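Taking it in order: structure first as structure tokens, then the write-up.
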Amino acid sequence: MSVRQSLLAILDQGPCYGYQLRTEFDRRTGSIWPLNVGQIYNTLDRLERDGLVAKGDTDEQGHVYYQITDAGHDEVTSWLSSPVVRSAAARDELAIKLAIAVTLPGVDISAVIQVQRRGSLRTLQDLTKTKNASGEPESAGDLAWQLVVDSLIFAAEAEVRWLDHSEARLARASAAGLMAPMQLTLEPPKRGRPVRAAVDNDAQVAGSL
Amino acid sequence: MSTQLAAGSTRPTKPDELLRLDGVAMHYGRGETSVTALAGIDLTVSRGELVAIMGASGSGKSTLLTIAGGLTQPTSGEVVIEGQWLSDLPSAQIAILRRRTLGFVFQDFNLIPTLTAQENVTLPLELDGWPRRKTRTAGLDALAAVGLKDHAQRFPEDLSGGQQQRVAIARAIVGTRRLILADEPTGALDSATGEGVLRMLRDRVDAGAGGILVTHDARHAAWADRIVFLRDGRIVDENVRDHPESLLAGRRTI
Ligand SMILES: Nc1ncnc2c1ncn2[C@@H]1O[C@H](COP(=O)(O)OP(=O)(O)OP(=O)(O)O)[C@@H](O)[C@H]1O
Ligand SMILES: [Mg+2]
């Protein structure tokens with residue numbers, strides 16, 4: 001949803017036409033997630049449907065300007081003043097791959113981890129090199145770009161840390177004889193609980209301490 | 001001394017090779033209680049190359065570094081610095097190599113408490129008989145490179161942990177050091193200050209020095225040209241970065 005709110009926040013600065021919004025979004029996010037014009041117009045249609053923007057004037061070149069409404073302005077304010085909550089249950093390709101790999105017979109899990117770590121480190125090295133080559137920011141646009149690159153760097157680092165952690169954890173589990181692959185079964189799962197419930201439960205436990 | 005023998009028994013040195021470890025092994029203690037800290041390490045560092053070493057606690061990283069820096073003698077294997085076999089050199093020669101060529105950042109800083117930051121930094125130059133003025137300038141330059149020019153006259157106990165660490169780094173880069181060996185040089189630093197130190201090390205290396213960086217932090221290892229993994233005293237993997245592909249869309253690519 002951040003594209004929708006980002007466009008709205010830009011429109012809060014003044015009326016814009018579609019292509020202009022695309023340019024504004026790009027230069028404010030370091031051109032790292034380029035949007036196509038189709039996405040922009042789709043989003044504008046939905047914003048208009050929801051009463052957050054309204055079509056305004058058309059200039060000589062035929063550009064249709066969109067203008068933010070009061071409700072749209074309120075939406076921007078509320079976006080900026082509340083945290084972005086990432087869904088705890090959002091699918092993570094790598095976590096799923098590793099979790100599945102652990103249950104399969106004949107898979108060398110430390111090799112799986114090592115291959116991934118090599119890939120993640122490669123990403124991290126490339127990002128670092130790119131950032132280093134660009135030097136100190138010289139404009140607000142540069143700064144936006146660096147912020148975004150840093151966020152990618154920290155995300156890659158977190159991935160490597162998680163791999164290190166998993167490797168150590170699996171080594172301990174293996175030493176304790178817990179690493180038996182899972183057989184196919186017809187029984188319903190007993191131990192799984194939804195993440196949401198787990199979080200609530202932990203919060204209760206923490207609250208009662 | 002066995003110059004001919006040692007020289008003949010190993011590969012010849014490449015011209016831009018700064019450091020080479022050949023089959024370096026290290027056992028602490030003897031017999032029943034003996035610990036194998038390193039089990040046969042081959043590693044080279046060339047001019048313009050920064051190598052990161054990663055690995056779990058106890059995997060042998062610090063041991064490798066102190067051996068590479070001539071501070072510890074390996075149980076077996078050879079260390080070659082700028083074409084000189086350390087096993088051939090009398091200890092006085094190794095000491096000269098250490099204060100002229102090598103910069104070493106210790107995991108626990110190793111600052112001398114009775115010397116100011118500046119005196120700590122310039123100690124290797126003074127021991128080497130540098131003239132006073134030149135020594136002073138070099139010391140202040142090195143402290144400036146780690147953002148501590150204003151703290152030159154403070155004693156270690158009047159500095160924060162991170163500042164002490166940066167003094168230790170300044171000492172390792174002062175003057176004309178060509179081989180920088182740094183053991184967790186960013187452990188006590190916040191993330192932005194740590195990045196500043198890495199950028200500075202990277203600049204020195206790009207200007208023709210060579211270095212080894214021991215770190216637990218993948219973000220810092222990413223500044224290196226090569227990332228080496230140790231496990232139980234062995235190199236288990238090496239990540240070489242050749243030419244980076246651009247991962248980022250948009251105008252900024254390299
Ligand atoms: N002086 C010593 N006497 C005996 N054993 C030692 C000595 N120094 C190190 N060791 C052992 O050698 C192994 C490698 O130690 P080393 O300090 O090189 O690890 P490291 O990778 O630097 O760990 P860390 O990340 O915790 O700093 C460890 O098992 C350690 O206990
Ligand atoms: Mg260590």
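What pairs come up if the first residue lies in segment B:107-127 and is within 16 Å of ligand 1 (Cβ to nearest atom), the second is of a type in the set (F, W, Y), and their beta carbons are under 9 Å apart, counting only those six or more places apart or on different chains?
Qualifying pairs under 9 Å: B:N110/B:F104.
Please identify the pairs in which a residue from segment B:55-69 that is near ligand 1 (Cβ under 6 Å from one of its atoms) has its Cβ atom under 6 Å from the Cβ atom of a residue that is part of a loop (DSSP other than H, G, I, E, B), counting only partners at least 6 apart or on another chain.
Within 6 Å, the pairs are B:G60/B:G233; B:S62/B:Q107.
From A:L121, A:L94, A:L98, A:L80, grab the single residue that is out of contact with any Gly (no Cβ under 6 Å at 6 or more places or on another chain), open to solvent by 90 Å² or more (accessible area, probe 1.4 Å) and not in a loop (DSSP other than H, G, I, E, B).
A:L80
Only one residue in B:A221, B:A192, B:A209, B:A188 is within 15 Å of ligand 1 (Cβ to nearest atom) and over 16 Å from A:V160 (Cβ atoms), so which one is that? Explain how you work it out, then say what you get.
Numbers: B:A221 fails: over 16 Å from A:V160 (Cβ atoms); B:A192 fails: within 15 Å of ligand 1 (Cβ to nearest atom); B:A209 fails: within 15 Å of ligand 1 (Cβ to nearest atom).
Going through B:A221, B:A192, B:A209, B:A188 in turn, the sole match is B:A188.
So which residues in segment A:141-157 are more than 10 Å from chain B (Cβ to nearest Cβ) and either open to solvent by less than 20 Å² (accessible area, probe 1.4 Å) or touching a residue at least 12 places away in the same chain (Cβ under 8 Å) (or both)? Explain how you work it out, then say what you get.
Within segment A:141-157, the first condition is being more than 10 Å from chain B (Cβ to nearest Cβ), and the residues that meet it are A:143-144, A:147, A:151, A:155.
Residues satisfying the conditions are A:A144, A:L147.
Scan segment B:17-41 residue by residue and report those that are surrounded by 19 or more Cβ atoms within 10 Å (Cβ to Cβ) and within 9 Å of ligand 1 (Cβ to nearest atom).
Across segment B:17-41, the qualifying residues are B:M26, B:A37, B:L38.
Can you find a residue that is away from ligand 1 (no atom under 11 Å from the Cβ), in a strand (DSSP E or B) and within 14 Å of chain A (Cβ to nearest Cβ) anywhere in segment B:42-50? Give the derivation first.
Initially, segment B:42-50 is screened for residues away from ligand 1 (no atom under 11 Å from the Cβ), giving B:42-50.
Retained after the next criterion (residues that are in a strand (DSSP E or B)): B:42-46, B:50.
Filter once more, keeping what is within 14 Å of chain A (Cβ to nearest Cβ): B:50.
Yes, the conditions are met somewhere in segment B:42-50.
Quick check on segment B:52-72: of everything there that is hydroxyl-bearing (S, T, Y) and within 11 Å of the chain's Cα centre (by Cα), which residue is farthest from ligand 2 (Cβ to nearest atom)? Spell out how you get there, then give the answer.
Keep residues of segment B:52-72 that are hydroxyl-bearing (S, T, Y), which gives B:57, B:59, B:62-63, B:66, B:72.
Keeping just the survivors that are within 11 Å of the chain's Cα centre (by Cα) gives B:62, B:66.
Details: B:S62: 3, B:T66: 9 Å.
The residue in question is B:T66.
Taking the options A:G141, A:G177, name whichever one is on the phi > 0 side of the Ramachandran plot and not assigned by TED's automatic domain parsing to the domain that holds A:R27.
Values: A:G141 fails: on the phi > 0 side of the Ramachandran plot.
One residue alone meets the criteria, A:G177.
For A:D126, indicate whether it is assigned to a helix (DSSP H, G or I), at pLDDT 85 or above and within 7 Å of chain B (Cβ to nearest Cβ). Outline the logic, then answer.
Values: assigned to a helix (DSSP H, G or I): yes; at pLDDT 85 or above: yes; within 7 Å of chain B (Cβ to nearest Cβ): yes.
Spelling it out, A:D126 is indeed assigned to a helix (DSSP H, G or I), at pLDDT 85 or above and within 7 Å of chain B (Cβ to nearest Cβ).
Mind listing whichever residues of segment A:11-35 are within 12 Å of chain B (Cβ to nearest Cβ) and not in a helix (DSSP H, G or I)?
Selection gives A:T29, A:G30, A:S31, A:I32, A:W33, A:P34, A:L35.
Answer yes if at least one residue in segment A:52-74 is in a helix (DSSP H, G or I), within 21 Å of the chain's Cα centre (by Cα) and crowded, with 16+ Cβ neighbours inside 10 Å, and no otherwise. Give the steps one after another, and end with the answer.
Residues of segment A:52-74 in a helix (DSSP H, G or I): A:70-74.
Among the residues that remain, those that are also within 21 Å of the chain's Cα centre (by Cα) are: none.
Checked against the condition, which is being in a helix (DSSP H, G or I), within 21 Å of the chain's Cα centre (by Cα) and crowded, with 16+ Cβ neighbours inside 10 Å, segment A:52-74 yields no hits at all.
Here is a list: B:A222, B:A168, B:A209. Which entry is within 13 Å of chain A (Cβ to nearest Cβ), touching a strand residue (DSSP E or B) at 6+ places or on another chain (Cβ under 9 Å) and not β-branched (V, I, T)?
Numbers: B:A168 fails: within 13 Å of chain A (Cβ to nearest Cβ); B:A209 fails: within 13 Å of chain A (Cβ to nearest Cβ).
Selected residue: B:A222, the only one of B:A222, B:A168, B:A209 that is within 13 Å of chain A (Cβ to nearest Cβ), touching a strand residue (DSSP E or B) at 6+ places or on another chain (Cβ under 9 Å) and not β-branched (V, I, T).
Looking at the structure I just gave you, is A:T130 loosely packed, with under 10 Cβ neighbours inside 10 Å and among the β-branched types (V, I, T)? Full working, then the answer.
Numbers: loosely packed, with under 10 Cβ neighbours inside 10 Å: no; among the β-branched types (V, I, T): yes.
The answer is no for A:T130.
The values are calculated or read from the model by the stated rules, or taken from the named source; none is laboratory data. Predicted model only: the values in this text are computed from it and were never measured. Virtual Cβ from ideal backbone geometry, glycine too; neighbours counted across all protein chains shown. When the accessible area is computed, the model is the full protein with side chains, heavy atoms only, and any ligands, DNA or RNA have been set aside. Shrake-Rupley method; radii C 1.70, N 1.55, O 1.52, S 1.80 Å.
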